[in-house]
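S.K.: Provided herewith is a single structure, encoded as structure tokens, for subsequent inquiry.
The values are calculated or read from the model by the stated rules, or taken from the named source; none is laboratory data. Computed from a prediction, not measured in an experiment: that's the story for all the values here. In this analysis, Cβ positions are derived from the backbone assuming ideal geometry, glycine residues included, and neighbour counts consider all displayed protein chains.
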Amino acid sequence: MLDHSQLTFDEILQNIWASLREGADRGTHPFHTPVLASAFGQGPDARTVVLQQADEQRRELICHTDIRSPKVSGFRQNPRAAWLFYDRQAKVQLRLLGTVSIHHDDEVAAARWAKSSPSSRRCYHAAHAPGLVLAGDEIRAAELDQGFDNFAVISSAVFAIDWLFLQATGHLRARFEWDGGHWQGVWIAP
């Protein structure tokens, strides 16, 4: 097990991004299904999403959504988002703040759609917007590409990270902020 008390800020950041990449790549990793939170309309809102990609160089987290989802119009009103990850075994909680961009019917969406499995594409073929009751009609495989019209990519440029390591001998917490060129880390009280 990693001795977190001896880690430098650079090592913590490397560990954070490695864990995020693993969460995007491996469906059984605790970071695979984070909570994505927002604030618009009638107040705060949160939902579990599937982390599709974590790119350290671009400071970017990606998930997919239906363009008709209320969160899309909400993020267009207020593009700030919070991501919450928790790994019970590693005893690590991450909170990441970012600015959201919505990609729909563009090159980013087309590239992500092309990488999607047929079962993932099925999620975007619903005749009605998320939240409405559906009749449950079967969708034939040949119709799956029609779902691209509803497919969107949420891309979040991360500008702050809060790392919390829980341990019986005393929790450790660090905060990182992007200053436009690199991450600045500070220790903060847990």
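S.K.: Looking at this structure, is PHE75 surrounded by fewer than 19 Cβ atoms within 10 Å (Cβ to Cβ), touching a residue at least 60 places away in the same chain (Cβ under 8 Å) and among the aromatic types (Phe, Trp, Tyr)? Don't jump to the end; show me each part of the working.
M.R.: Numbers: surrounded by fewer than 19 Cβ atoms within 10 Å (Cβ to Cβ): no; touching a residue at least 60 places away in the same chain (Cβ under 8 Å): yes; among the aromatic types (Phe, Trp, Tyr): yes.
When the stated conditions are applied, PHE75 does not pass them.
S.K.: Is one or more of the residues making up segment 62-74 more than 30 Å from PHE176 (Cα to Cα), part of a loop (DSSP other than H, G, I, E, B), in contact with a strand residue (DSSP E or B) (Cβ under 6 Å, 6 or more places away or on another chain) and not aromatic (Phe, Trp, Tyr)? Spell out how you get there, then give the answer.
M.R.: Of segment 62-74, the ones more than 30 Å from PHE176 (Cα to Cα) are 66-70.
Next, only the ones that are part of a loop (DSSP other than H, G, I, E, B) stay: 67-69.
Within this subset, residues satisfying the condition of being in contact with a strand residue (DSSP E or B) (Cβ under 6 Å, 6 or more places away or on another chain) are 67.
Restricting the remaining residues to those that are not aromatic (Phe, Trp, Tyr) gives 67.
Taking every residue of segment 62-74 in turn, at least one turns out to be more than 30 Å from PHE176 (Cα to Cα), part of a loop (DSSP other than H, G, I, E, B), in contact with a strand residue (DSSP E or B) (Cβ under 6 Å, 6 or more places away or on another chain) and not aromatic (Phe, Trp, Tyr).
S.K.: Within segment 91-107, how many residues are of a type in the set (Val, Ile, Thr) and not in a strand (DSSP E or B)? First the steps, then the outcome.
M.R.: Here is the first cut: in segment 91-107, the ones of a type in the set (Val, Ile, Thr) are 92, 99-100, 102.
Next, only the ones that are not in a strand (DSSP E or B) stay: none.
Matching residues across segment 91-107 total 0.
S.K.: Can you pull out every residue in segment 101-127 that is basic (Lys, Arg), under 13 Å from GLN53 (Cβ atoms) and surrounded by fewer than 18 Cβ atoms within 10 Å (Cβ to Cβ)? Even if it seems obvious, please write down each step before you answer.
M.R.: Start the filter on segment 101-127 by keeping residues that are basic (Lys, Arg), which leaves 112, 115, 121-122.
Next, only the ones that are under 13 Å from GLN53 (Cβ atoms) stay: 112, 115.
Scanning segment 101-127 gives a single hit, LYS115.
S.K.: Give the residue that is surrounded by the most Cβ atoms within 10 Å (Cβ to Cβ), with candidates limited to residues of segment 1-50 that are hydroxyl-bearing (Ser, Thr, Tyr) and touching a helix residue (DSSP H, G or I) at 6+ places or on another chain (Cβ under 6 Å). So that I can check it myself, show each step before the final result.
M.R.: To start, the set of residues in segment 1-50 that are hydroxyl-bearing (Ser, Thr, Tyr) comprises 5, 8, 19, 28, 33, 38, 48.
Going one step further and asking which of them are touching a helix residue (DSSP H, G or I) at 6+ places or on another chain (Cβ under 6 Å), we end up with 19, 38.
Numbers: SER19: 19, SER38: 21.
The residue in question is SER38.
S.K.: Scan segment 69-100 for residues that are in contact with a Phe, Trp or Tyr (Cβ under 9 Å, 6 or more places away or on another chain) and under 15 Å from GLN52 (Cα atoms) and report the count.
M.R.: Summing the residues that are in contact with a Phe, Trp or Tyr (Cβ under 9 Å, 6 or more places away or on another chain) and under 15 Å from GLN52 (Cα atoms) in segment 69-100 gives 2.
S.K.: Output the residues belonging to segment 51-61 that are buried (at least 17 other Cβ atoms within 10 Å of the Cβ), polar (S, T, N, Q) and either outside any strand (DSSP E or B) or without any contact (Cβ under 8 Å) to a residue 12 or more places away in the chain (or both).
M.R.: Kept after step one, since they are buried (at least 17 other Cβ atoms within 10 Å of the Cβ), are these residues of segment 51-61: 51-54, 59, 61.
Now drop any that are not polar (S, T, N, Q), which leaves 52-53.
Passing the criteria: only GLN52.
S.K.: Hey, could you check segment 143-182 for residues that are under 18 Å from the mean Cα position of the chain (by Cα), small (Gly, Ala, Ser) and buried (at least 20 other Cβ atoms within 10 Å of the Cβ) and say which is nearest to ALA110 (Cα to Cα)?
M.R.: ALA152
S.K.: Filter segment 5-15 for residues that are under 22 Å from HIS182 (Cα atoms) and either modelled with pLDDT under 95 or part of a loop (DSSP other than H, G, I, E, B) (or both) and give the result.
M.R.: Passing the criteria: GLN6, LEU7, THR8.
S.K.: Would you please name the residue that is farthest from the chain's Cα centre (by Cα), looking only at residues in segment 16-39 that are in a loop (DSSP other than H, G, I, E, B) and β-branched (Val, Ile, Thr)? Write out each step before concluding.
M.R.: First, pick out the residues of segment 16-39 that are in a loop (DSSP other than H, G, I, E, B): 26-29, 33-34.
Within this subset, residues satisfying the condition of being β-branched (Val, Ile, Thr) are 28, 33.
Numbers: THR28: 16, THR33: 8 Å.
The residue in question is THR28.
S.K.: Next question. Could you please give the count of residues in segment 134-161 that are at pLDDT 65 or above and out of contact with any Leu (no Cβ under 7 Å at 6 or more places or on another chain)? Working first, answer last.
M.R.: We begin by selecting, within segment 134-161, every residue at pLDDT 65 or above; these are 146-161.
After this cut, where a residue has to be out of contact with any Leu (no Cβ under 7 Å at 6 or more places or on another chain) as well, the list is 146-155, 157.
Residues in segment 134-161 being at pLDDT 65 or above and out of contact with any Leu (no Cβ under 7 Å at 6 or more places or on another chain): 11 in total.
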